[in-house]
Amino acid sequence: MNTKDILRNLQIGSLTAMQQTAIEEYRKGKDIVLLSPTGSGKTLAYLIPLAQSLEEGDDVKAVVLAPSRELALQIEQVFKAMGTGVPVMSCYGGRPAMDEHRVMRNLRPQVIIGTPGRMNDHLGKGNIDAAHIHTLVIDEFDKCLELGFQEEMAQVTAQLPGLRRRFLLSATDAPAIPRFVSAGSFLKLDFLDEGEQIPDRIKVYTVKSPEKDKLQTLSRLLCHLGDRRSLVFVNYRESVERVFRYLAQEGIACEMFHGGMEQKDRERALYKFSNGSCNVFVSTDLASRGLDIPCVDCVVHYHLPLNEDAYIHRNGRTARWDAQGSAFVVLGPEEYLPDFVRQEPEEYGLDGEAPRPAEPLWVTLYIGKGKKDKINKVDIVGFLSKVGGLAKEDIGRIDVKEHYAFVAVRRALLKKTLSAVKGQKIKGIKTIVEVTR
């Protein structure tokens, strides 16, 4: 499939200069390291030429490694949306490897996107035939080199003897490429502006907290921000839960997200924030990269980032592509801006009392059937329209999983909708429809 058709399927007008350069160099057969800021569209820079380079057949020919299951899922979704017809699947922890192997046998994917640990599991058991794998892509390469990933990465590459092509991507420059990836030379495509730590379209502010415990200041800040979609970063899992509980008690609609949560709870929280059912998302740095979170207005550094890379990646969640955004650094009485913050932020005053933010426009419904039950987005829209009495504009984002689905509906119509669909069947199947907690 040509690039023009892929862009039309994705509803994108044209490639960026970075994407065009990466695609052209990929076609020349070189191993590539692509450095480009968060939110600049690196995923398409490798997926388009990768898909176009695959020859006919039903063997696995390319592996894409990602440091998190959320990023693996996002890459899979983008690949499918390209509409090339190339079979693809993702593999990650938190679900049975046996189920994934069953999908592999039936789907016969040419591209597998996975986390390093799960990829090692399948390769070690012989579930994936590595004989025809010639291309390795490592997304968020710098993250994959962090503690805990390097050994797993080495194990993966050791089981791919036929590799001919390598494509590494990152939003920050790694000091060196380990020999387990390749002893050969890489073409470095550097689209990082060394003089620009974060884009001018992100406005940075400091917020002074009079107390060491900054929770009250954070709550006041979020009230001043109103219905702006805000991502609050903290450094520890326990802190995520503490901040979440406090904000919820203050009546602020929020969700929490960290690596210690069950996968289904992480998915639920992410869907609610992505579809507008809550406007505040409290997370560790796990949410600083690799998540498909559209239209984040504000990034709030409740805890100071541990290093410059963390600062850059956190801020990169807002002002994606050409949008505008704001970043707020909350400082306690004994805290100061780290040296790596190069901007001269303005102080954001919390003058006067701001009302508690209104409830979000949308609310998320859980539907207890999914892809395994032959339920798709069209079925859900039809069910909510015909049975629930909702107009098209009353139905928001829909995400269909294997055994269940999430759908956003207008909060003002929630009670009426639940009453109308209670006990009703979707495609002849009786199911649960309830508010996602």
> Going by the structure shown, is THR217 among the hydroxyl-bearing types (Ser, Thr, Tyr) and without any contact (Cβ under 8 Å) to a residue 60 or more places away in the chain?
Replying inline: no
> Could you give every pair whose Cβ atoms fall below 8 Å, whose first residue belongs to region 38-50 and is free of Cβ contacts under 8 Å to residues at least 40 places away in the same chain, and whose second residue is crowded, with 21+ Cβ neighbours inside 10 Å and part of a helix (DSSP H, G or I), counting only separations of at least 6 or pairs across chains?
Replying inline: LEU44/GLN19; LEU47/ILE75; LEU47/PHE79; PRO49/ALA22; PRO49/TYR26
> When VAL156 is evaluated against the numbered criteria (1) more than 16 Å from ALA62 (Cβ to Cβ); (2) of a type in the set (A, V, I, L, M, F, W, C); (3) in a helix (DSSP H, G or I), which criterion, by number, is the only one it fails?
Replying inline: (1)
> Residues GLU262, GLU267: which one is farther than 22 Å from PRO357 by Cβ, touching a Gly at 6+ places or on another chain (Cβ under 9 Å) and not assigned by TED's automatic domain parsing to the domain that holds PHE406?
Replying inline: GLU262
> Which residues, taken from region 256-296, are at positive phi and in contact with a Ser or Thr (Cβ under 7 Å, 6 or more places away or on another chain)?
Replying inline: GLY290
>> If LEU123 satisfies all but one of (1) assigned to a helix (DSSP H, G or I); (2) closer than 28 Å to HIS313 by Cβ; (3) touching a helix residue (DSSP H, G or I) at 6+ places or on another chain (Cβ under 8 Å), what's the number of the condition it fails?
In response: (2)
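For every residue, the table says whether it meets (1) modelled with pLDDT under 95; (2) assigned to a loop (DSSP other than H, G, I, E, B).
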position	(1), (2)
THR38	yes, yes
ASP58	yes, yes
VAL64	no, no
GLN74	yes, no
VAL78	yes, no
>> Looking at SER219 and the list (1) among the polar types (S, T, N, Q); (2) within 23 Å of PRO360 (Cα to Cα); (3) touching a strand residue (DSSP E or B) at 6+ places or on another chain (Cβ under 6 Å), which single condition is not satisfied?
In response: (3)
> Which one is nearest to the chain's Cα centre (by Cα) among residues in region 375-415 that are surrounded by 14 or more Cβ atoms within 10 Å (Cβ to Cβ), basic (Lys, Arg) and assigned to a helix (DSSP H, G or I)?
Replying inline: LYS377
> Out of curiosity, is ASP213 in the same structural domain as PRO333 (by TED's automatic domain parsing), closer than 27 Å to GLU346 by Cα, buried (at least 16 other Cβ atoms within 10 Å of the Cβ) and acidic (Asp, Glu)?
Replying inline: no
> Looking at LYS4, LYS42, LYS28, which one is among the basic types (Lys, Arg) and under 30 Å from ALA310 (Cα atoms)?
Replying inline: LYS42
> Of these, VAL299, VAL363, VAL330, VAL341, which one is on the phi < 0 side of the Ramachandran plot, in a loop (DSSP other than H, G, I, E, B) and surrounded by 19 or more Cβ atoms within 10 Å (Cβ to Cβ)?
Replying inline: VAL341
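The values are calculated or read from the model by the stated rules, or taken from the named source; none is laboratory data. Small disclaimer: the values here were computed from a predicted structure and weren't measured. Note that each Cβ is placed from the backbone with ideal geometry, even for glycine, and that neighbours are counted across all protein chains shown.
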